[in-house]
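Everything on this sheet refers to the single structure shown next.
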Amino acid sequence: MSEENVVTLARDGAVAIITIDRPAALNAINAAVLDGLAAVLDTLEADAGVRCAVLAGAGGKAFVAGADIVAMSTLGAVEAERFAGRGQAILNRIAGQAFPVIAAVGGFALGGGCELAMACDLVIAGEKAKFGQPEVNLGVIPGFGGTQRLVRRVGMSAALDLCLTGRIVGADEAVRMGLASQKVEGDVLEAALGIAKTIASKGPVAVRLCKRAIHENADGALDSAQAAERSLFGLCFATADQKEGMAAFIEKRAAAFTGA
Ligand code: CO8
């Protein structure tokens, strides 16, 4: 596998499947992976037909076992800050996609891998999934948003626990703390694809506005966040999907959404 082709993109109908493909290094994130993710995001952002995406790691053993420790080992402070900034920007782009993104975590999601999973809307954990922020073992702190996304996802107590001890948690504990959305039996990619197809079958505009309403207002005061919510709710009523969705319910038939 050449370092130019370490992130691949496939389509299954309206669902995009992004795969980080460096299994020999447990899909560790180096500059080539960040470049590959950026290129895939360029393609997806130009494709109005995508309604949901699944992000996975190749090889079965890991989602992503972190930022590439070999590549980081020789960085100076300025280069390390730049690398972290690039990683944060790519993860922010993933989080900011208009359509939902689902992390399919079948194995290790450590350090930058856990941060990457948290940049996704849903985190589906297989039976062998392992999550953690083990950076303190290496004498560093999380640098791809982990200290910030983790606390927002799981709360102060659990975030401090994971970041300060570096301890690794399995799928059950990850679900209990809210780090993972759900644990699935069997093939995690198949399960994530099934969830993605379910989401892709819903009203596409409503799905996007729902994601926006939650993300853009999660840190806001309740009254201004609710004002944003009712404005987006109102916007739904300007769509053909709202007319179709409600007509289909009343006529007792399946809705045929067009995303308009
Ligand atoms: N970077 C580079 N190579 C890795 C990484 C990694 N993060 N993780 C695994 N590999 C490589 C191993 O070196 C090994 O390569 P080789 O076969 O050439 O020796 C191969 O993948 C397989 O790994 P193991 O033999 O170690 O497999 P095990 O099953 O024995 O162990 C573990 C699996 C437990 C996942 C183990 O590999 C491990 O502990 N990996 C490191 C996990 C880690 O510490 N991740 C956090 C990294 S730091 C980080 O992510 C910071 C993010 C913010 C960056 C900010 C920028 C400055």
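The values are calculated or read from the model by the stated rules, or taken from the named source; none is laboratory data. Bear in mind the structure is a predicted one, so any value in this text is a computation, not a measurement. Reconstructed Cβ throughout: ideal geometry from the backbone, glycine too, with neighbour counts over all protein chains shown.
Return yes when F144 is buried (at least 18 other Cβ atoms within 10 Å of the Cβ) and over 15 Å from L91 (Cα atoms) and no when it is not.
For F144, the condition - buried (at least 18 other Cβ atoms within 10 Å of the Cβ) and over 15 Å from L91 (Cα atoms) - is not met.
Of the residues that sit in the stretch 147-169 and are surrounded by fewer than 18 Cβ atoms within 10 Å (Cβ to Cβ) and of a type in the set (A, V, I, L, M), which one is nearest to the ligand (Cβ to nearest atom)? Lay out the reasoning, then the answer.
The first filter runs over the stretch 147-169 and keeps only residues surrounded by fewer than 18 Cβ atoms within 10 Å (Cβ to Cβ), leaving 147-148, 151-153, 155-157, 160-161, 164-168.
Narrowing further to those that are of a type in the set (A, V, I, L, M): 151, 156, 160, 164, 168.
On the way: V151: 16, M156: 20, L160: 17, L164: 15, I168: 8 Å.
Step by step, filter the stretch 147-169, then rank; the result is I168.
Could you grab me the full set of residues in the stretch 137-151 that are closer than 25 Å to G106 by Cβ and at pLDDT 95 or above? Walk me through it before giving the result.
The first filter runs over the stretch 137-151 and keeps only residues closer than 25 Å to G106 by Cβ, leaving 137-138, 142-146, 149-150.
Of everything in the stretch 137-151, those that are closer than 25 Å to G106 by Cβ and at pLDDT 95 or above turn out to be N137, L138, P142, G143, F144, R149, L150.
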State yes or no: is L110 buried (at least 20 other Cβ atoms within 10 Å of the Cβ), near the ligand (Cβ under 8 Å from one of its atoms) and touching a residue at least 40 places away in the same chain (Cβ under 8 Å)?
yes
Taking into account only those residues within the stretch 1-57 that are in contact with a Pro (Cβ under 9 Å, 6 or more places away or on another chain) and under 17 Å from A98 (Cα atoms), which is nearest to the ligand (Cβ to nearest atom)?
A53
What pairs can you find where one residue is in the stretch 64-86 and under 13 Å from L34 (Cα atoms) and not assigned by TED's automatic domain parsing to the domain that holds L37, the other is part of a loop (DSSP other than H, G, I, E, B) and within 7 Å of the ligand (Cβ to nearest atom), and their Cβ atoms are less than 8 Å apart, with a gap of 6+ or different chains?
none
Filtered residue count, the stretch 215-230, keeping only those that are at pLDDT 95 or above and within 22 Å of R51 (Cα to Cα)
1
Inspect all residues belonging to the stretch 251-259 and state whether any of them is within 25 Å of the chain's Cα centre (by Cα) and either touching a residue at least 60 places away in the same chain (Cβ under 8 Å) or part of a helix (DSSP H, G or I) (or both).
yes
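Taking the condition under 21 Å from P23 (Cα atoms), away from the ligand (no atom under 15 Å from the Cβ) and aliphatic (A, V, I, L, M), does A125 pass? I'd like the intermediate steps shown before the answer.
Numbers: under 21 Å from P23 (Cα atoms): yes; away from the ligand (no atom under 15 Å from the Cβ): yes; aliphatic (A, V, I, L, M): yes.
Spelling it out, A125 is indeed under 21 Å from P23 (Cα atoms), away from the ligand (no atom under 15 Å from the Cβ) and aliphatic (A, V, I, L, M).
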